[in-house]
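Chemist: First the structure, then my questions, so here it is.
The values are calculated or read from the model by the stated rules, or taken from the named source; none is laboratory data. It should be emphasised that the depicted structure is a prediction, and the values quoted were computed from it without experimental measurement. Here the Cβ is made from the backbone with ideal geometry for all residues, glycine too, and neighbour counts use every protein chain on show. Surface accessibility is based on the protein's heavy atoms, side chains included, excluding ligands, DNA and RNA. Shrake-Rupley method; radii C 1.70, N 1.55, O 1.52, S 1.80 Å.
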Amino acid sequence: MQASTHEIADRIYRISTCVPDAAPGGFTFNQFLIDADEPLLFHTGPRRMFPLVSEAVARIVALKRLRWITFGHVEADECGAMNEFLAAAPQAEVAHGATGCMVSLDDLCDRPPRKLADGEVMDLGGKRVRHIDTPHVPHNWEARVLFEESTGTLFCGDLFTHCGNGPALIEGDIVGPALAAEELFHATSLSLATAPTIRALARLEPQTLALMHGSSRRGRCSEALEQLADAYEAMIRMH
């Protein structure tokens, strides 16, 4: 396996590794690095991918400069290598919402994590990221997203997950592929809060959607979020 690196917004880099047999057509595992005065990594990849991912990160910023380790929710592909990154970056801290810290990270992290309030903004020096709690969207109680305000980049976690090894950044459809993957994986927690939570993200008017699994999307991002919310709302009505 190889990790490819692309700049998908100003000083925001997507690190992507495709695992060919993880899904039909392959399945990408993506991390995102914000190159700021206080560099931030969103997703670490699984522990076994640490050598591959850390090498890709180090081509952009020295590992010892990493200041923040973040992710959407607590699963191995999101945060399996967080302690390896903490060991490689002595000044780094994990930053997550209070729920994630309470139920998992206070125990799992080798150094105490920073607890973020819903809506709290972290000034990275040149970039600003807003923490937004999205419980159970797309899944897990501690789920959250980050929104980088200067570029309008929404780090979506597992929202819009789709199969294949497409381009790093597209302007085409991600809703159809996401619904096809949902039919395959049934990964989304469908509740009365699912669609309203996604519609609230649409009101941020993001310019880029940075996806954990699949191609990231540029342009008409609010429209894509609204369409995804519509589809989940229809699924809930069917049940």
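Chemist: Scan the range 151-165 for residues that are at positive phi and either acidic (D, E) or crowded, with 24+ Cβ neighbours inside 10 Å (or both) and jot them down.
Modeler: Result: G157, F160.
Chemist: Something else: Out of A178, A195, A117, I need the residue that is under 22 Å from E226 (Cβ atoms) and over 17 Å from the mean Cα position of the chain (by Cα). Which one?
Modeler: A195
Chemist: Since F42 meets every condition but one in (1) closer than 20 Å to A178 by Cα; (2) open to solvent by less than 10 Å² (accessible area, probe 1.4 Å), which condition does it not meet?
Modeler: F42 satisfies all of (1) closer than 20 Å to A178 by Cα; (2) open to solvent by less than 10 Å² (accessible area, probe 1.4 Å) except (1).
Chemist: Taking the stated definitions as given, is D110 assigned to a helix (DSSP H, G or I) and over 24 Å from E205 (Cα atoms)?
Modeler: no
Chemist: Condition first: over 20 Å from Y13 (Cα atoms), open to solvent by 60 Å² or more (accessible area, probe 1.4 Å), among the charged types (D, E, K, R) and without any contact (Cβ under 8 Å) to a residue 12 or more places away in the chain. Can you find one or more residues in the range 104-114 that meet it?
Modeler: Yes, that holds for at least one residue.
Chemist: Another question about this same structure. Give the residue, chosen from E182, E142, that is acidic (D, E), more than 21 Å from S222 (Cβ to Cβ) and either outside any helix (DSSP H, G or I) or modelled with pLDDT of 95 or more (or both).
Modeler: E142
Chemist: Would you be able to tell me the number of residues in the range 50-75 that are in contact with a strand residue (DSSP E or B) (Cβ under 8 Å, 6 or more places away or on another chain) and assigned to a helix (DSSP H, G or I)?
Modeler: 5
Chemist: In the range 123-132, what count of residues is obtained for those that are open to solvent by less than 10 Å² (accessible area, probe 1.4 Å), among the aliphatic types (A, V, I, L, M) and within 23 Å of A200 (Cβ to Cβ)?
Modeler: Qualifying residue count for the region: 1.
Chemist: Could you check the range 83-102 and list, in sequence order, the residues that are open to solvent by 10 Å² or more (accessible area, probe 1.4 Å) and either in contact with a Phe, Trp or Tyr (Cβ under 7 Å, 6 or more places away or on another chain) or under 25 Å from F160 (Cα atoms) (or both)?
Modeler: E84, E93, A98, T99
Chemist: Here is a follow-up. Cβ-Cβ under 8 Å, sequence separation 6+ or interchain: first residue in the range 77-101 and under 17 Å from T17 (Cβ atoms) and among the aromatic types (F, W, Y), partner assigned to a strand (DSSP E or B) and modelled with pLDDT of 95 or more. Which pairs?
Modeler: Once the first residue is under 17 Å from T17 (Cβ atoms) and among the aromatic types (F, W, Y) and sits in the range 77-101, its partners that are assigned to a strand (DSSP E or B) and modelled with pLDDT of 95 or more give F85/L41; F85/I69.
Chemist: Looking at (1) of a type outside the set (D, E, K, R); (2) touching a helix residue (DSSP H, G or I) at 6+ places or on another chain (Cβ under 6 Å); (3) open to solvent by less than 30 Å² (accessible area, probe 1.4 Å), which is the one condition that is false for L63?
Modeler: (3)
Chemist: Are there any pairs with C-beta distances below 8 angstrom linking a residue in the range 185-207 that is at positive phi to a residue that is modelled with pLDDT of 95 or more, with the two at least 6 apart or on different chains, and if so which?
Modeler: Pairs that qualify, where the first residue is at positive phi and the partner is modelled with pLDDT of 95 or more, are E205/G152; E205/C221; E205/S222.
Chemist: Right, something else. List pairs: first residue in the range 17-38 and touching a residue at least 60 places away in the same chain (Cβ under 8 Å) and open to solvent by 30 Å² or more (accessible area, probe 1.4 Å), second residue small (G, A, S) and assigned to a strand (DSSP E or B) anywhere in the structure, Cβ distance under 6 angstrom, at least six positions apart or on different chains.
Modeler: G25/G164
Chemist: Scan the range 193-210 and give yes if some residue there is open to solvent by less than 70 Å² (accessible area, probe 1.4 Å) and touching a Pro at 6+ places or on another chain (Cβ under 6 Å), otherwise no.
Modeler: Scanning the range 193-210, I find no residue that is open to solvent by less than 70 Å² (accessible area, probe 1.4 Å) and touching a Pro at 6+ places or on another chain (Cβ under 6 Å), so the answer is no.
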